[in-house]
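Enquirer: This is the structure, below, for whatever I ask next.
The values are calculated or read from the model by the stated rules, or taken from the named source; none is laboratory data. It should be emphasised that the depicted structure is a prediction, and the values quoted were computed from it without experimental measurement. No Cβ is skipped: glycine too gets one built from the backbone with ideal geometry, and neighbour counts run over all protein chains shown. Each accessible area value is taken on the protein alone, full model and side chains, heavy atoms only, with ligands, DNA and RNA left out. Shrake-Rupley method; radii C 1.70, N 1.55, O 1.52, S 1.80 Å.
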Amino acid sequence: MARRNLTIQLEDDDVRRAKVLAAKRGTSVSSLVARELERLVEEDARYEDAWRRARKAMGEATPRGRRAWKRSDLYER
């Protein structure tokens with residue numbers, strides 16, 4: 001997979017603190033940001049996959065009971 005550069009703008013204090021954190025972890029700020037973005041994208045993909053599987057399961061579920069509830073049946077007005 002090809003890698004590309006990404007330019008971001010951060011407050012000076014955030015950059016300073018990120019550099020300190022990266023140094024503590026023995027890596028670069030760029031690597032910290034890249035790993036976090038990869039984690040976020042992966043997390044979102046897992047969520048979307050779970051949501052698709054849940055919708056499919058709900059669509060295939062056998063209805064239980066005999067009553068078709070209406071909103072007005074569930075809430076007093």
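Enquirer: Could you list, in sequence order, all residues of region 8-22 that are of a type in the set (Val, Ile, Thr) and in a helix (DSSP H, G or I)?
Expert: Taking region 8-22 as the starting set, the residues that turn out to be of a type in the set (Val, Ile, Thr) are 8, 15, 20.
15, 20, listed by residue number.
Enquirer: List, please: which pairs have Cβ atoms under 7 Å, are six or more places apart or on different chains, and start with a residue in region 15-44 that is within 18 Å of residue 5 (Cβ to Cβ) and end with one that is among the polar types (S, T, N, Q) and surrounded by 10 or more Cβ atoms within 10 Å (Cβ to Cβ)?
Expert: 22/28
Enquirer: While we're on this one: Hey, among the residues in region 60-77 that are open to solvent by less than 100 Å² (accessible area, probe 1.4 Å) and of a type in the set (Ser, Thr, Tyr), which one's modelled with the lowest pLDDT? Write out each step before concluding.
Expert: Taking region 60-77 as the starting set, the residues that turn out to be open to solvent by less than 100 Å² (accessible area, probe 1.4 Å) are 61-62, 65, 68, 72-73.
Next, only the ones that are of a type in the set (Ser, Thr, Tyr) stay: 62, 72.
Working: 62: 77, 72: 82.
Ranking the qualifying residues of region 60-77, first place goes to 62.
Enquirer: Now for a different question. Would you be able to say whether some residue in region 43-51 is more than 18 Å from the chain's Cα centre (by Cα), not in a loop (DSSP other than H, G, I, E, B) and not basic (Lys, Arg)?
Expert: Looking for residues that are more than 18 Å from the chain's Cα centre (by Cα), not in a loop (DSSP other than H, G, I, E, B) and not basic (Lys, Arg), one finds none in region 43-51, hence no.
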